1. Please list 3J(HN,Hα) in residue order for the stretch 61-66, calculated via the Karplus relation 6.51 cos²θ - 1.76 cosθ + 1.60 where θ = phi - 60°; whole Hz, with x for glycine and proline.
2. In degrees, nearest 10, range 0 to 90: what is the angle between the Cα axis of helix 16-28 and the longest Cα principal axis of the chain?
3. Ratio of Rg to Rh for the chain, alpha carbon only, Kirkwood?
4. Check each of the trypsin sites (Lys or Arg not before Pro) in the stretch 38-83 and keep only those in coil by DSSP with at most 11 other C-beta atoms within 10 angstrom; list them in order.
5. Considering only protein heavy atoms and a 1.4 Å probe, what is the carbon-and-sulfur percentage of the accessible area of the stretch 133-178?
6. Going down the list Lys35/Lys203; Lys136/Lys205; Lys67/Lys203; Lys166/Lys205; Lys141/Lys187; Lys32/Lys205, which pairs span over 28 Å between their C-alpha atoms?
7. Using the per-residue mean of other Cβ atoms lying within 10 Å as a proxy for protection, in what order, highest first, do the peptides 26-36, 199-209 fall?
8. With r defined as the distance between the Cβ atoms of Arg131 and Glu38 and R0 fixed at 22 Å, what FRET efficiency is calculated, to the nearest 0.05?
Amino acid sequence: MSIDFKNFSGVGMTSDSSREKLIKILKNEGIKNKKVLESIRLIPRHIFVDEAISSKAYDNTALPIGKSQTISHPFIVAKMTEIIMDYNPKRILEIGTGSGYQAAVLSLLVDKVYSVERIEYLHMKSKNIFRKMGIKNIYLKHSDGNDGWSQKSPFDAIIVTAGANKIPSALIDQLSNNGGILILPVKSNGKQYLKSIIKTNNKYKEKVHGIVNFVPLLNGVAL
Ligand code: SAH
């Protein structure tokens, strides 16, 4: 796994030791997949947050990215990525591009990452970052992720990085019928549960991975 970030000014500004510290924390918290850890080590998280808070970029916390949205906690990025990587996905759909960080981590692990964001400002910002970084296997769309991205379906994996009230049926439809995995936070009894659904021959296997705290999955698009 390698990536050429040399054309991107700002890469390397944040110390390697804080990145290594983050990897240690993730290992201590139970992340085992070496490729996932390596991808998190390689992707410069400070580029996806505002410069004013970039010193916090390698802390294991969620951080603001503007428009009342957050870049997810590194542990949850690692955890969701680890869960889907067990199914060897080649083509992934992400709902909620946000800063672009989760998509960037996935881009080193799979062939193609499709990612949908409802807020145009965030969509454009992440598009710019990927262009500057020279990442070429992430495809972005500004639209309502509740509809998925049917033209590009089926997907081997779908990862939703915002909390849904109920599972959007379009996402189930667009999942590969051959062991495709959907992972998403879903509300139940006032709490958000991280759920995975495996689809095989139109049969579904569901699993709950724990309680999480994502910003809500909303409807429609915004500026
Ligand atoms: N994966 C992101 C996390 C972003 S937070 C990252 O790595 O930074 C969740 C994102 O989901 C927000 O940017 C929010 O605008 C977006 N979102 C919420 N509802 C959505 C919807 N219906 N369609 C697409 N994106 C949505």
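The values are calculated or read from the model by the stated rules, or taken from the named source; none is laboratory data. Predicted model, so just to flag it, every value in this text is computed and none were measured. No Cβ is skipped: glycine too gets one built from the backbone with ideal geometry, and neighbour counts run over all protein chains shown. Surface accessibility is based on the protein's heavy atoms, side chains included, excluding ligands, DNA and RNA. Shrake-Rupley method; radii C 1.70, N 1.55, O 1.52, S 1.80 Å.
1. Per-residue couplings from phi come out as 9, 6, 9, x, 10, x Hz.
2. Roughly 30 degrees, rounded to the nearest 10.
3. Answer for the chain: 0.94.
4. Passing sites in the stretch 38-83 do not exist.
5. Carbon and sulfur together cover 44 percent of it.
6. Cα-Cα > 28 Å for Lys35/Lys203; Lys136/Lys205; Lys67/Lys203; rest within.
7. So the order, starting with the most tightly packed, is 26-36, 199-209.
8. With R0 = 22 Å, the Cβ-Cβ based efficiency is 0.40.
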